[in-house]
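S.K.: This structure is in structure tokens; I'll ask about it shortly.
The values are calculated or read from the model by the stated rules, or taken from the named source; none is laboratory data. Computed from a predicted model, the values in this text were never measured in an experiment. Neighbour counts run over all protein chains shown; Cβ positions are idealised from the backbone, glycine included. These accessible areas exclude ligands, DNA and RNA; they are computed on the full protein's heavy atoms, side chains included. Shrake-Rupley method; radii C 1.70, N 1.55, O 1.52, S 1.80 Å.
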Amino acid sequence: MIGAYEIDPGIPLPALIAFGPFLDAETRERFGARIRRLAGRISAITFDSEIEFLMRKASGVVAMGGYNTFCEILSFDRRAILVPRTEPRREQAIRAQAAERLGLVRVLMEADGRAPERMAAALRALPDQSEPSRVLVPGLLDGLDAVARRVRALAGAALESSCVRAFS
């Protein structure tokens, strides 16, 4: 993302990068030096355990798209660009690509290349992207009802099975 701001001075939104808790000091300093050269277009903070408060105020979010972050993006109704990791598991990529097919987010896969121009184009388009709440996905928030129906069905099948055994 820093590279996108380095090559494109016209990206309309400033950025705040939250470094993860496991980023080594040397890498953080290299990123910090690049960020300082961008004269306030990007700023950075070290890990924030309550990042959701920042997300709530953001115009958009760029993230890998882990489960919790993805749920926060939807619950705060934020436009998002997801750059999911595929190692050691493909879970983030599967979720991100499914969400993109539904029109909920934009996805940039690392396998398609890391050219900063791709991220710059996505960041320029972010303000015009629809908020997730504007996309109507039938059944998207019906998980609890689906679980309840499944439990009732399983409980009914178990009850029928025990009744058959009792009268056999």
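S.K.: When segment 40-67 is examined, which residues are found to be of a type outside the set (Gly, Ala, Ser), open to solvent by 60 Å² or more (accessible area, probe 1.4 Å), part of a loop (DSSP other than H, G, I, E, B) and farther than 21 Å from Met119 by Cα?
M.R.: Thr46, Phe47, Glu50
S.K.: Of the residues in segment 91-138, how many are assigned to a helix (DSSP H, G or I), under 12 Å from Leu74 (Cβ atoms) and touching a Leu at 6+ places or on another chain (Cβ under 6 Å)?
M.R.: 1
S.K.: While we're here: Inside segment 79-108, can you point out the residues that are of a type in the set (S, T, N, Q) and over 14 Å from Gly66 (Cβ atoms)?
M.R.: Gln97
S.K.: While we're here: In this structure, does Ser133 turn out to be in contact with an Asp or Glu (Cβ under 6 Å, 6 or more places away or on another chain) and open to solvent by 50 Å² or more (accessible area, probe 1.4 Å)?
M.R.: The answer is yes for Ser133.
S.K.: Exactly one of (1) open to solvent by less than 50 Å² (accessible area, probe 1.4 Å); (2) of a type in the set (A, V, I, L, M); (3) in contact with a helix residue (DSSP H, G or I) (Cβ under 6 Å, 6 or more places away or on another chain) is unmet by Ala93. Its number?
M.R.: So the condition that Ala93 fails would be (3).
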